[in-house]
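The values are calculated or read from the model by the stated rules, or taken from the named source; none is laboratory data. On a predicted model such as this, the values are computed, not experimentally measured, just so you know. All Cβ positions, glycine included, derive from the backbone under ideal geometry; neighbour counts span all protein chains shown.
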Amino acid sequence: MSWWQETTIYQVYPRSFADSNGDGVGDLRGVIDRLDHLVDLGAGTVWLSPFFASPQRDWGYDVTDHCAVAPEYGTLADVDELLEEAHARGLRVMFDLVLNHTSDEHPWFVESRSSRTNPRADWYVWADGGGRRRRPNNWRTAMEIPSAWQWGEERQQWYLASFLPFQPDLNWRNPEVKAAMFDVVRFWLRRGVDGFRLDMFGSIMKDPALRSNPFRPGMLGGLPRLWLPVHTRNRPENVALARELRAVCDEFDPPERVLLGEVFGSPAELRAYLAEGDGLQLVFLFDFLTYRYSAAWLRRTIARFESAFPPPLQPTYVLENHDRSRTVDRVGGDEEKARVLACVLLTARGVPTIYQGQELGMRNTYIPLREARDPVARVFRFIPEALNRRIPERPNRDEVRTPMQWDGTANAGFCPEGVEPWLPVNPDHTRRNVAAQRDDPSSMLALYRGLLRLRRDHAALRAGTLHLLDERHVLAYERRHDSGDVLVAANLEDHPAALPVGTGARLLLATRGDVELDGPALRLPPHRAAVVAPGRT
Ligand code: NOJ
């Protein structure tokens, strides 16, 4: 198996991880200083959200120079040191590549927008429409509400911005754009990065005829949609581009460099990105971000992805990231349920991803829309606050980006006391923090550490096949491997459950100490999960 097939990815949002120079903003040196936390946790790969030059209007997902480091995060020398220090600890490193768009302050766009005839006139997606009064078509932004077309005064034309107006989409049909961006990829590969998470890769190519999307209300990626984005998402050309990008990565193999796509769609659409083993290696499966806390739902979802991504393909499950609600908040604040989900995430077949603070059970930090620094939240500022508080998938992403909670001091050890962190620290940091949980065997951190240790110790969890068991009330599956099988059982109900696990079974881990082996039966109180070495039946 290649390293990435067996790894666990830990997502660092550098702005909120650790501030080494006391300006209230996290930085690369802060990440270097805290790498041992990842080692202690047992993660295999660190994925860093963007730290590239940017006016920070979307906190780095609006790049002005893909090969430069934003000064508040550090320097290229820091990047080199981070790679070196991570590698010295056996960690792999992935960067976040924003390929779909740049900042509107990127010199390429400044030039492109200046006239219809400049050398970069065709580097972005420009169209006439019907003059300034009529947009070229009905394409919407990722937020669905505003149109994706923005008026460019100098050119008297519309430009496409699929996310926010200040993030114009690059024209990937232009070979010069492709060549320039491939050089960016080579630039980082040469410095030793092990792979990339590809931002908005599903939207990268659009219909060249700019046909309008059909009106068909429904849900997509857990969010309501009015138009079905057939002409703007998951186009077959995306897969061709995935192959080309992979070929660029393969120029630098070994070690094998990995591409992980941010794509939304049906399992079949997602599977297509892996091509014949020569496309992306991994795609996020975001269904767990919109999960229902039920055994039946989890069983169905795992079964769907098992059939779309059979071995040796690896599903890539996600419970949290910098865009979506924290797990504990999704399950109504019940930490026991979050523990059960952690157990499923880290024992199902695939590459799990953990978002910083998830391992502590960090909570959303409520921040009203009117105080939001998140540009998406500002789009939704019209939502009354009382209503906003009742929406489970609240649009203010600040709430999941507050500083990492290292200890119980005033700024949670994120930045020095007396400095104002860029986002407020969650008041619960006095209790919920790394220092407090490190030596507490009943903590969430201990649970994550224990699960990751099990993954290391049992090849079945890293590389075994997955077989769902036909249990009605519990979610149960076996991970089978020549070196020994492992059984996982999760009770997501409000009443106790029991499961036959064979004579001589051994309890390897449980989400709480009240899970028992009673002869050949595993007894699970409500909202508990366990990992067992099965006995003889
Ligand atoms: C997806 C990223 O996860 C999100 O944080 C960002 O704002 C958008 N892409 C735009 O790049």
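Among residues of region 83-104 being assigned to a strand (DSSP E or B) and either more than 11 Å from Thr45 (Cα to Cα) or free of Cβ contacts under 8 Å to residues at least 24 places away in the same chain (or both), the one that is farthest from the ligand (Cβ to nearest atom) is Leu97. Among the conditions (1) more than 23 Å from Pro315 (Cα to Cα); (2) at pLDDT 95 or above; (3) assigned to a loop (DSSP other than H, G, I, E, B), the only one that Arg349 does not satisfy is (1). Taken over region 244-275, the criterion of being under 20 Å from Trp3 (Cα atoms) and not in a loop (DSSP other than H, G, I, E, B) is satisfied by Leu245, Arg246, Ala247, Val248, Cys249, Asp250, Val258, Leu259, Leu260, Gly261.
Selection of region 137-174 for residues being touching an Asp or Glu at 6+ places or on another chain (Cβ under 7 Å) and buried (at least 19 other Cβ atoms within 10 Å of the Cβ) yields Gln157, Leu160, Ala161, Ser162, Leu164, Gln167, Pro168, Asn171. Residues that are in a strand (DSSP E or B) and touching a residue at least 40 places away in the same chain (Cβ under 8 Å) within region 511-537 comprise Leu524, Arg528, Ala529, Ala530, Val531, Val532, Ala533, listed in sequence order.
So which of Phe109, Phe95, Phe166 is in contact with a helix residue (DSSP H, G or I) (Cβ under 9 Å, 6 or more places away or on another chain) and more than 28 Å from Asp194 (Cβ to Cβ)?
Working: Phe109 fails: in contact with a helix residue (DSSP H, G or I) (Cβ under 9 Å, 6 or more places away or on another chain); Phe95 fails: more than 28 Å from Asp194 (Cβ to Cβ).
Of Phe109, Phe95, Phe166, the one residue that is in contact with a helix residue (DSSP H, G or I) (Cβ under 9 Å, 6 or more places away or on another chain) and more than 28 Å from Asp194 (Cβ to Cβ) is Phe166.
For Arg190, are the conditions met, namely being of a type in the set (D, E, K, R), within 18 Å of Cys67 (Cα to Cα) and assigned to a strand (DSSP E or B)?
The answer is no for Arg190.
Do the conditions hold for Phe17, that is, is it among the aromatic types (Phe, Trp, Tyr), in contact (Cβ under 8 Å) with a residue 12 or more places away in the chain and more than 27 Å from Val177 (Cβ to Cβ)? In short, yes.
Residues in region 447-467: is at least one surrounded by fewer than 16 Cβ atoms within 10 Å (Cβ to Cβ) and hydrophobic (A, V, I, L, M, F, W, C)? No: zero hits.
Return the residues of region 367-411 that are assigned to a helix (DSSP H, G or I) and not charged (D, E, K, R); say none if nothing qualifies. Across region 367-411, the qualifying residues are Leu369, Pro375, Val376, Ala377, Val379, Ala386, Leu387, Asn388, Val400.
Check region 219-227 and report whether any residue there is crowded, with 19+ Cβ neighbours inside 10 Å and modelled with pLDDT under 95. Looking for residues that are crowded, with 19+ Cβ neighbours inside 10 Å and modelled with pLDDT under 95, one finds at least one in region 219-227, hence yes. Scanning region 166-176 for residues that are more than 16 Å from Thr64 (Cβ to Cβ) and assigned to a loop (DSSP other than H, G, I, E, B) returns Asn171, Trp172, Arg173, Asn174. Only one entry in Pro427, Pro421 is surrounded by 16 or more Cβ atoms within 10 Å (Cβ to Cβ), in the same structural domain as Tyr73 (by TED's automatic domain parsing) and not β-branched (Val, Ile, Thr), namely Pro421. Restricting attention to region 33-70, the residues that are free of Cβ contacts under 8 Å to residues at least 40 places away in the same chain and more than 16 Å from the ligand (Cβ to nearest atom) total 2.
So that you can scan it fast, the table gives a plain yes or no per residue for (1) charged (D, E, K, R); (2) out of contact with any helix residue (DSSP H, G or I) (no Cβ under 8 Å at 6 or more places or on another chain); (3) within 25 Å of Asp169 (Cα to Cα); (4) surrounded by fewer than 19 Cβ atoms within 10 Å (Cβ to Cβ):
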| site | (1), (2), (3), (4) |
| --- | --- |
| Thr64 | no, no, yes, no |
| Ala68 | no, no, yes, yes |
| Gly74 | no, no, no, no |
| Ala77 | no, yes, no, yes |
| Leu82 | no, no, no, no |
| Glu85 | yes, no, no, yes |
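When residues in region 137-171 are screened for being modelled with pLDDT under 95 and within 12 Å of the ligand (Cβ to nearest atom), 3 of them pass. Picking from residues in region 221-277 that are of a type in the set (Lys, Arg) and under 21 Å from Asp207 (Cβ atoms), the one that is nearest to the ligand (Cβ to nearest atom) is Arg233.
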